[in-house]
Amino acid sequence: MDQTLVNLAFYSSTAIIAAIVVVIYIRRREKQSRITDEKISKAVQEGLHEPVSLHPYVDLNRCLGTGACVEACPEKDILGMRKGKAAVINASRCIGHGACFHACPTEAITLRIGTEKRGVDLPHISKTFETNIPGIFIAGELGGMGLIRNATEQGRQAAENIAGVLKKNENAEYDLVIVGAGPAGIAASLAAKRHGMRFLLLEQDTLGGAVFTYPRSKVIMTSAMDLPLEGKIRLSETNKGVLLKLWQNIISRHSIPLRENCKVESISKDNDVFSLSTSDNQQFTSSYVLLAIGRRGSPRKLNIPGENLEKVAYRLLEPEAITNKNIMVVGGGDSAIESALLLAEENHVIISYRNEVFSRVKPANGSALNKALASGKLEVMFRTNLIKIEDICVTLTSEADGHEIQLSNDLVFIFAGGELPTQFLEKTGIKITRKFGETIMKH
Ligand SMILES: Cc1cc2nc3c(=O)[nH]c(=O)nc-3n(C[C@H](O)[C@H](O)[C@H](O)COP(=O)(O)OP(=O)(O)OC[C@H]3O[C@@H](n4cnc5c(N)ncnc54)[C@H](O)[C@@H]3O)c2cc1C
Ligand code: SF4
């Protein structure tokens with residue numbers, strides 16, 4: 001009898017413990033789902049839920065809910081747990097390095113480009129990276145394969161493929177002009193140097209490509225890269241400063257002919273020779289062209305006097321380093337509003353916008369802007385156009401009556417939209433296809 005009671009007590013306490021564990025598990029799962037649902041609604045509101053390029057796709061039939069992908073992803077809130085399975089939250093922030101893909105023990109994650117609703121335009125490229133226009137090649141993120149290591153590898157291979165078919169043409173100044181000095185363009189120029197080509201590297205901005213635009217504190221994840229003339233570069237986790245320094249040293253050690261602040265505006269072909277026209281009215285002729293221009297596009301310029309002054313920028317890199325300045329932000333889209341709000345924390349900021357209302361900003365930005373305006377943190381000058389930039393001031397005209405307004409100024413940020421890389425490709429005659437959720441990385 002005593003033994004029966006002991007057994008009963010044992011089984012009951014085991015059942016109670018099991019029930020407690022199950023309740024804790026269910027509560028935890030519900031809490032995770034609630035948090036993920038809230039984050040998804042916020043992401044939808046802010047326009048970050050829909051992917052813009054590479055992103056993880058979760059096969060719910062395979063997902064066992066280990067959460068390994070969420071743990072593995074170093075970017076914030078791209079994946080979360082919902083109803084015991086992985087769910088995508090801020091898909092547009094995915095940078096596509098596939099840490100989630102490798103971490104998943106049940107191979108439930110694939111990386112896709114585009115979705116059923118939103119297609120992503122990708123150029124046609126052959127196995128050798130050549131486009132439909134013989135002589136024009138594409139490498140790096142522009143072709144759909146992001147990441148520093150992948151872009152480096154493609155840049156190297158594309159330049160080597162060109163070296164393999166190159167016939168010297170004395171009518172062209174160069175054998176190869178490489179457009180874009182990001183990871184793909186840097187690797188391609190080292191390969192071109194190794195193969196003894198006459199070549200030039202053109203960059204609309206500054207050496208480093210997308211890496212130059214990373215926040216200073218961002219941890220860069222990359223695997224070993226094989227750089228021509230340098231060999232294996234073993235980096236795993238690094239930062240922007242280290243990587244940029246490394247590239248600057250390599251470019252100068254190998255005397256790579258790099259021209260910064262030189263945007264290629266158009267490419268035409270005449271008698272087997274390409275002619276590239278740049279924003280500073282230069283013209284270069286070349287037998288081959290390698291486009292390594294990434295997917296971020298080119299900022300639109302206003303073409304006004306003083307726009308080439310150092311105080312003018314087309315993106316905001318480190319707002320925390322800017323204090324006590326008179327700043328003019330030009331534009332009425334989300335980039336302009338977000339930058340103005342960040343700068344207004346420590347500076348006097350005026351937004352100049354040519355229309356009379358901000359009609360195309362995300363709701364969250366609109367309400368943050370209204371708060372900042374109400375508290376006097378920043379000012380907006382609607383229906384104005386910036387017409388001149390000088391060292392210590394700027395001049396605007398009013399659309400209402402045409403009168404000129406001069407304001408003291410230390411810095412100007414212009415967010416006037418830009419040309420997408422696909423527009424540049426179309427203009428050049430390169431064929432593009434829209435991909436709707438094509439799998440790029442699968443087991
Ligand atoms: C915020 C963020 C974080 C990331 N983190 C990582 C990470 O941790 N690890 C990782 O591996 N990858 C990361 N990536 C992705 C990685 O940066 C890109 O995949 C990689 O830089 C692509 O290299 P690319 O050379 O193809 O193009 P890009 O780096 O974009 O370089 C293209 C260059 O071409 C120039 N250009 C464009 N048009 C013209 C023109 N008309 N004339 C002249 N020049 C032109 C541009 O100014 C740019 O410098 C991240 C990306 C972002 C945005
Ligand atoms: S690919 Fe990288 S950034 Fe994108 S979700 Fe997976 S781990 Fe995160």
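The values are calculated or read from the model by the stated rules, or taken from the named source; none is laboratory data. It should be emphasised that the depicted structure is a prediction, and the values quoted were computed from it without experimental measurement. Cβ atoms come from the backbone with ideal geometry, glycine included; neighbour counts cover every protein chain shown.
Structure notes:
- Of all residues in segment 306-335, those that are among the hydroxyl-bearing types (Ser, Thr, Tyr) and within 21 Å of the chain's Cα centre (by Cα) total 2.
- Any hit, segment 202-213, residues being over 18 Å from Arg295 (Cα atoms) and surrounded by 15 or more Cβ atoms within 10 Å (Cβ to Cβ): no
- Note on segment 188-213: residues that are modelled with pLDDT of 95 or more, within 8 Å of ligand 1 (Cβ to nearest atom) and of a type in the set (A, V, I, L, M) amount to 2.
- In a residue-by-residue description of segment 25-44, the property of being at pLDDT below 95, polar (S, T, N, Q) and within 16 Å of ligand 1 (Cβ to nearest atom) applies to no position.
- Of the set (1) over 13 Å from Asn326 (Cβ atoms); (2) in a loop (DSSP other than H, G, I, E, B); (3) in contact (Cβ under 8 Å) with a residue 24 or more places away in the chain, all apply to Ala400 but (3).
- The numbered conditions (1) within 16 Å of ligand 1 (Cβ to nearest atom); (2) part of a strand (DSSP E or B) are all true for Gly96 except (2).
- Pairs where the first residue, in segment 261-285, is more than 17 Å from Asp175 (Cα to Cα) and the second is surrounded by fewer than 18 Cβ atoms within 10 Å (Cβ to Cβ) and among the polar types (S, T, N, Q), C-beta under 6 Å, 6+ apart: Lys263/Ser279; Glu265/Ser277; Glu265/Ser279; Ser266/Ser277
- Checked against (1) in a helix (DSSP H, G or I); (2) acidic (Asp, Glu); (3) more than 30 Å from Gly135 (Cα to Cα), Glu426 passes all but condition (3).
- Conditions (1) in contact with a strand residue (DSSP E or B) (Cβ under 8 Å, 6 or more places away or on another chain); (2) surrounded by 17 or more Cβ atoms within 10 Å (Cβ to Cβ); (3) not assigned by TED's automatic domain parsing to the domain that holds Tyr288; number of the one not met by Val361: (1)
- In segment 24-76, the residue that is nearest to Asn90 (Cα to Cα) out of those that are within 11 Å of ligand 2 (Cβ to nearest atom) and part of a helix (DSSP H, G or I) is Val70.
- Filtering segment 90-100 to residues that are more than 6 Å from ligand 2 (Cβ to nearest atom) and either closer than 19 Å to Ala151 by Cβ or at pLDDT below 90 (or both) leaves Ser92, Arg93.
- Assessment of segment 116-131 against the conditions (farther than 27 Å from His254 by Cβ, within 16 Å of ligand 2 (Cβ to nearest atom) and touching a residue at least 12 places away in the same chain (Cβ under 8 Å)) yields at least one matching residue.
- The listed residue being under 30 Å from Ser375 (Cβ atoms), among the small types (Gly, Ala, Ser) and in a strand (DSSP E or B), out of Ser339, Ser286, Ser352, Ser275: Ser352
- Qualifying residues in segment 51-68 (those that are over 22 Å from the mean Cα position of the chain (by Cα) and not aliphatic (A, V, I, L, M)) - the one farthest from ligand 1 (Cβ to nearest atom): Asn61
- Test: residue in segment 417-436 that is within 30 Å of Thr278 (Cβ to Cβ), of a type in the set (S, T, N, Q) and loosely packed, with under 13 Cβ neighbours inside 10 Å: yes
- Lys83, sole failed condition from (1) in contact (Cβ under 8 Å) with a residue 40 or more places away in the chain; (2) within 16 Å of ligand 1 (Cβ to nearest atom): (2)
- Cβ-Cβ under 8 Å pairs, at least 6 apart or on other chains, segment 188-213 side within 18 Å of Gln154 (Cα to Cα), far side outside any loop (DSSP other than H, G, I, E, B) and within 16 Å of ligand 2 (Cβ to nearest atom): Gly209/Ala151; Ala210/Glu141; Val211/Ile148; Val211/Ile220
- Considering Leu235, Leu243, Leu229, the condition of being touching a Leu at 6+ places or on another chain (Cβ under 8 Å), in contact (Cβ under 8 Å) with a residue 24 or more places away in the chain and in a loop (DSSP other than H, G, I, E, B) is satisfied by Leu229 alone.
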